[in-house]
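The values are calculated or read from the model by the stated rules, or taken from the named source; none is laboratory data. Nothing here was measured: the structure is a model prediction, and the numbers come from that model. As a convention, Cβ positions derive from the backbone with ideal geometry for all residues, glycine included, and neighbour counts pool all protein chains shown.
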Amino acid sequence: MPLPVRFIAIALLALALAACALQDGLIFFRQPPAGVPQLKSPAVLQEVALLAADGTRLYGWIARHAQGRAPLVIYFGGNAEEISWFVGESGRLNGWSMLAVNYRGYGRSEGEPGEKALFADALTVYDHCIARPDVDPGRIVLMGRSLGSSVAVHLASHRPVAGVVLVAPFDSLVEVGASLYPFLPMRSILRHRFDSLSVAPSVKAPALMIAGERDTIVPARHAKRIYEAWGGPREWLEVPEAGHNDLEAHAAYWTAIRRFLDTLARKAGD
């Protein structure tokens, strides 16, 4: 092997080994507590404290915008997201309550994040919600953003839900990683695979999928694969001019979500 080629091979091997060793820190960007959500409309705000199956304590919030057994959106955030800010936006959802719990290691939640842990914790969150007297178990919608889209898809494949909203979703973390880092053997080194594509055909709940036209972190083609594989009715919105982190700044984003929720609410009332 010529000397320069040998150096390149050694450098790539060293880079792959480093990526393998450091991948948890590269995937999960833990965020500190951000304080109490600042609601922009009248609602009842309550902190939620849950005990995961392994005894880990998880913390989040529920914002209730209606009396009695209300429809609920369960939100799962991105890999660098503390969820308090989005609970503060819950008034945009036309009377639906919102519940969100921070991932392990995020906000006040204890423990170490990981694919299996996040999937298991999502089941705990859902089971808590259907047991609440202020939640209508027949009108629960899951909403996942980026990494949270995979958590939402996994949960929807294990529990009955009225619908699913996926924001900047992806087929699998392996495919996203391979497109971003084509010089690394992502299919061999990733432990946290977050493979939504293999699960999507089994989910029959209606879905709304939203992607940014200019998303360079999770290009829209990854979301389109989930859309095409989805097992139930689905809607697609690709927001012009939007990237990965500014979808919420576009009116079309909120309009589509409200319309989707309103449609589900009407069907539940039929």
Original post:
Are any residues in the range 247-258 over 16 Å from the mean Cα position of the chain (by Cα), surrounded by 14 or more Cβ atoms within 10 Å (Cβ to Cβ) and in a helix (DSSP H, G or I), and if so, which ones?
Top reply: Ala252, Trp254, Ala256, Arg258
**OP:** Tell me, yes or no, whether the range 166-187 has at least one residue that is under 22 Å from Leu72 (Cβ atoms) and either outside any loop (DSSP other than H, G, I, E, B) or modelled with pLDDT under 95 (or both).
**Re:** yes
Subject >> Of residues in the range 224-233 being under 17 Å from the mean Cα position of the chain (by Cα), closer than 22 Å to Arg259 by Cβ and free of Cβ contacts under 8 Å to residues at least 60 places away in the same chain, the one surrounded by the fewest Cβ atoms within 10 Å (Cβ to Cβ) >> reply: Lys224
Original post:
In the range 116-136, what count of residues is obtained for those that are exposed (fewer than 15 other Cβ atoms within 10 Å of the Cβ) and aliphatic (A, V, I, L, M)?
Top reply: 2
Original post:
Checking Ser150 against (1) within 25 Å of Val36 (Cβ to Cβ); (2) buried (at least 23 other Cβ atoms within 10 Å of the Cβ), which test does it fail?
Top reply: (1)
**OP:** Consider Gly144 carefully, then state whether it is in contact with a strand residue (DSSP E or B) (Cβ under 9 Å, 6 or more places away or on another chain), more than 22 Å from Gln31 (Cα to Cα), of a type in the set (Gly, Ala, Ser) and not in a loop (DSSP other than H, G, I, E, B).
**Re:** no
Subject >> Selection count, the range 103-125, where residues are under 13 Å from Gly60 (Cβ atoms) and in contact with a Ser or Thr (Cβ under 9 Å, 6 or more places away or on another chain) >> reply: 6
**OP:** Return the only residue of Gly95, Gly138 being assigned to a strand (DSSP E or B) and more than 22 Å from Pro219 (Cα to Cα).
**Re:** Gly138
**OP:** Consider His244 carefully, then state whether it is assigned to a loop (DSSP other than H, G, I, E, B), touching a Leu at 6+ places or on another chain (Cβ under 7 Å), touching a residue at least 12 places away in the same chain (Cβ under 8 Å) and not charged (D, E, K, R).
**Re:** no
Subject >> Top-ranked residue in the range 124-145 [being more than 21 Å from the chain's Cα centre (by Cα) and of a type in the set (D, E, K, R); ranked as nearest to Trp254 (Cα to Cα)] >> reply: Asp136
**OP:** Say whether the condition of being among the aromatic types (Phe, Trp, Tyr), in a loop (DSSP other than H, G, I, E, B), touching a residue at least 60 places away in the same chain (Cβ under 8 Å) and in contact with an Asp or Glu (Cβ under 9 Å, 6 or more places away or on another chain) is met by at least one residue in the range 102-115.
**Re:** yes
Original post:
Which one is surrounded by the fewest Cβ atoms within 10 Å (Cβ to Cβ) among residues in the range 50-69 that are within 19 Å of Gly88 (Cα to Cα), modelled with pLDDT of 95 or more and among the small types (Gly, Ala, Ser)?
Top reply: Ala63
Subject >> The lone exception for Val218 - which of (1) touching a residue at least 60 places away in the same chain (Cβ under 8 Å); (2) part of a helix (DSSP H, G or I) it fails >> reply: (2)
